[in-house]
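Data first, discussion second: the structure below is written as structure tokens.
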Amino acid sequence: MTSAARFVLALAWRESRASVRRLAWLMVAVSAGVAALVSIDSFSANLQRSVQEQARGVLGADLVLGSGNAFSPRAEALLQELRARAGETRLARVARFAGMAYVPRTSGSRLVQVTAVEDGYPFYGVITTDPPQAWAQVAKGGGVLVDPSLLTALDARVGDVLALGEARLPIAGTVLDVPGDVGLRSAMGPRVFMALGDLQQAGLLEFGARARYEAYLQVGGGARPDTLANRYRGLFSAERVSVRTVAEDRESMGESLARLSRYLGLLALVALLLGGLGVASAVHVLVKRKLDTVAVLRCLGASSSRLFAVYLLQAAAMGLGGSVLGAAIGVVVQTVLPKLLGDFLPVDVRFALSWPSILAGLGMGVWVALLFALWPLLAVRRVSPLVLLRRAYEDEPSPDRDPLRAVVAGGLVASVVLLSVLQAPDTRTGLVFAAGIGAALAVFALAALGLTRTVRRFFPSEWPYVWRQGLANLYRPANQTSAVVLALGFGAFLLGVVVVLQGNLLRDLRVDAAEDRPNMVLFDIQPDQREPLEAALRADGHPVMATAPIVPMRIAAVKGRAVAHLLATHPGRREDVPARWALRREYRSTYRDDIRTSELTAAGEHWAPGSWRGGAGEGAVPISVEVDLADDLRVGVG
């Protein structure tokens, strides 16, 4: 080791011992941002790994066929053909629908989500129940399993009889965990599980009933589910039957969860940049306090470059220490996240150290600490030995004319852009995010400059001493106005973004935000029930805001081309072919002569009231289509 290196290390160590309390703030400023980055990135890595490992258990089979209607004879024939081609396969059918559950003993009723299964479902994954063996018993028939919340809502207990349509089935236990299910699904109603064989006596799936019919297949004999899916997808699509495989589910879940993790990572990056501003402020104060020491050392022969290296080494060491502390905190935090978010995740996240995430957090922490410390440290290179004699009469050294100032500024900008792009879901989002950060910092810097100049220009000389001293410190030499305004403004910016996003999401989801919006919707009201029901509601003081007829429909043809033909001959996505989802789905259509205040005619003209009535035999009936749906169907006016 050269004498210069030994000098730098020795002086850095001595200076650190004398300034340990101030340098500790530098560590704390970095550690918070690194902790957020490491915890989010590590949790994301563990989540992605868990998706890869548990995708088969989440789907419950190798191949799943699904339809909004009972399988047609053609679809059944294709299913049997697929099984014959695959060789050894196991099949289990599932029906899902919403219904009303009723407990005669307590007279409690509740809207529930019913899942009727055949014995053997699921082929992968374990459904946890209480008592433990209840799932195997219920799948064979003669009972139901329910969510624990349903027992509370109906004031019921295990052993009570649950009425579903015409069926009367005992509650055999509760379901504690279903692979792939998330807690948000039960927000639409508690879950009830029953045997598919018990559905016939319930009488719930008659003509017009809404249900999802699925066929789960476990493929054996060396057959590849993806190959089978690609071979039969177009044929099943013509029958309005979708095909899902483990690989597709794994890819879909992975993309969605990765996108969410990236957006959370952007918030963590803001926290790290906020820590960088704290580093800059701490180093700025440290440099101001060390000007006399630097000047003395210059008088003793130390070069400005060596002294600059001393304090830069201190900043790097403290940045590394803060990053290590933050990484340790992040690892601890990410062990807690699976427990906090378990109800919202489709898989059970297993904890494992993610070294790439930890090393990335350490690197980003040290890099941000060094970059933000460089800006105030440039002043050390401009300290003259004569500062000891002239300090009372001259301004403190300024790096304004230092050519390295432009290099450091460019490095800061480039680093913020690069880190934003790396953390963002895509390059465009990263660039927009970096631009937003730059714009916010520019606004805060201008606000700080405006504050100091305004106070200096209109200084209240007749105010009390305490006020005058406090305001004067905003523009006096060695002031921290810019650093404090940037730090506080950036922190408020981060919190404001989170609060605004939360408010926007909650406002869009609220159904009772205004007096002219309903907070209860009644479905399936027959024509002869409408007037008595409205009279009863008004008698109880509940105004009826609006009524609307709903007719379930499916599209039969588009521009003279049959949907079955389109689905069978165009399995891929093409610009001249309607989107497959728009062709397969069932629509809830309505009819009326007027448009509502929330609607706007984007193209074409509205029909004359009553002109469409009775026109079905004379030609096409005029309709209106929502803008995005028209785009997906590749249709326009006429």
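The values are calculated or read from the model by the stated rules, or taken from the named source; none is laboratory data. It should be emphasised that the depicted structure is a prediction, and the values quoted were computed from it without experimental measurement. Every residue, glycine as well, gets a Cβ built from its backbone with ideal geometry; the counts of neighbours run over all protein chains shown. Side chains are part of the model used for accessible areas, which takes the heavy atoms of the whole protein and leaves out ligands, DNA and RNA. Shrake-Rupley method; radii C 1.70, N 1.55, O 1.52, S 1.80 Å.
Annotation note: chymotrypsin sites (Phe, Trp or Tyr not before Pro) in the range 418-466 located in DSSP loop regions with a Cβ neighbour count of at most 11 within 10 Å are PHE458. Kindly list the residues of the range 36-66 that lie in the label zone of ARG224, defined by a backbone N under 17 Å from the point 7 Å along the Cα-to-C-beta vector. 62-63, by backbone N distance to the label point. Computed about its Cα centre, the charge dipole of the chain is approximately 3000 debye, with only Lys, Arg, Asp and Glu carrying charge at their Cβ. If you count the DSSP beta bridges with both ends in the chain, what percent of them are antiparallel, to the nearest 5? DSSP beta bridges in the chain are roughly 85 percent antiparallel. Each part reduced to its alpha carbon centroid, the range 314-387 and the range 64-83 end up 54 Å apart. Of all DSSP beta bridges confined to the range 51-182, the antiparallel ones make up roughly 85%.
Rolling a 1.4 Å probe across the protein heavy atoms gives the chain an accessible surface of 56 Å² per residue. Model label sites at ASP632 and ARG428, defined 7 Å from Cα along the beta-carbon direction, differ in position by 2.0 nm. Farthest towards the positive end of the charge dipole of the chain, among the residues GLN423, VAL558, MET194, is the Cα of GLN423, using unit charges on the Cβ of Lys, Arg, Asp and Glu. Sort out for me the Cα centre separation of the range 582-612 from the range 126-177, rounded to whole Å. Cα centroid to Cα centroid, the span is 44 Å.
If R0 is 30 Å, what FRET efficiency do you get for ARG6 and ARG476 from their C-beta distance, rounded to 0.05? Don't skip to the end; give the middle numbers.
Details: r = 39 Å, r/R0 = 1.31.
My answer for the efficiency is 0.15.
Phi angles of the range 95-111 translate, via the Karplus equation with coefficients 6.51, -1.76, 1.60 and θ = phi - 60°, into HN-Hα couplings of 10, 10, 6, 9, x, 9, 9, 9, 10, x, 5, 10, 6, x, 9, 7, 5 Hz per residue; Gly and Pro are given as x. Note on the range 110-221: Rg/Rh from Cα positions, Kirkwood definition for Rh, rounded to two decimals, is 0.95. Backbone geometry of the range 291-308 corresponds, through the Karplus equation with coefficients 6.51, -1.76 and 1.60 at θ = phi - 60°, to 3J(HN,Hα) couplings of 4, 5, 4, 5, 5, 4, 5, 5, 5, 7, x, 6, 7, 5, 5, 5, 5, 4 Hz, x marking Gly and Pro.
Seen from GLN52, the other residues with C-beta closer than 12 Å to its C-beta sum to a net charge of +1, counting Lys and Arg as +1 and Asp and Glu as -1.
Subtracting the Cα-Cα distance of TYR465 and ALA546 from their residue separation scaled by 0.36 nm leaves 22.5 nm. A simple charge model with +1 on the Cβ of Lys and Arg, -1 on the Cβ of Asp and Glu and nothing else charged puts the dipole of the range 398-502 at about 320 debye relative to its Cα centre. By the helix-only formula, in which each DSSP H run with n ≥ 4 contributes -39500 (n - 2.57) and the sum is divided by residues, the chain has a 222 nm mean residue ellipticity of -18000 deg cm²/dmol.
Once Lys and Arg get +1 and Asp and Glu get -1 on their Cβ, which of LEU204, THR293, LEU235 lies farthest toward the positive end of the dipole of the range 172-313? The residue sitting farthest along the positive end of the dipole is THR293.
Only residues of the range 272-288 count here: report those whose backbone N is under 14 Å from the spot 7 Å along Cα→Cβ of VAL498, or say none. Counting only backbone N, you get 272-275. In sequence order, the range 40-47 has phi-based couplings of 5, 5, 5, 5, 5, 5, 5, 5 Hz under the Karplus curve 6.51 cos²θ - 1.76 cosθ + 1.60, θ = phi - 60°, and Gly or Pro positions carry x.
If R₀ is 45 angstrom, what is the calculated FRET efficiency for the pair ARG456 and LEU600, using the beta carbon separation as r and rounding to 0.05? Working shown, then result.
Numbers: r = 53 Å, r/R0 = 1.18.
Taking R0 as 45 Å, the efficiency between ARG456 and LEU600 is 0.25.
When the chain is described by a simple charge dipole with +1 on each Lys and Arg Cβ and -1 on each Asp and Glu Cβ, the residue from PRO148, ALA435, LEU633 located farthest towards its positive end is ALA435.
Extension gain, PHE523-MET553: 0.36 nm per intervening residue step, less the Cα-Cα distance, totals 9.2 nm. Measuring between their Cα centroids, the range 199-272 and the range 425-491 lie 52 Å from each other.
Rounded to 0.05, the FRET efficiency of the ARG210 and ALA136 pair, given R0 = 30 Å and the Cβ-Cβ distance, is 0.55. Placing pseudo-labels 7 Å out from each Cα toward the beta carbon at SER109 and SER242 gives an inter-label distance of 3.1 nm.
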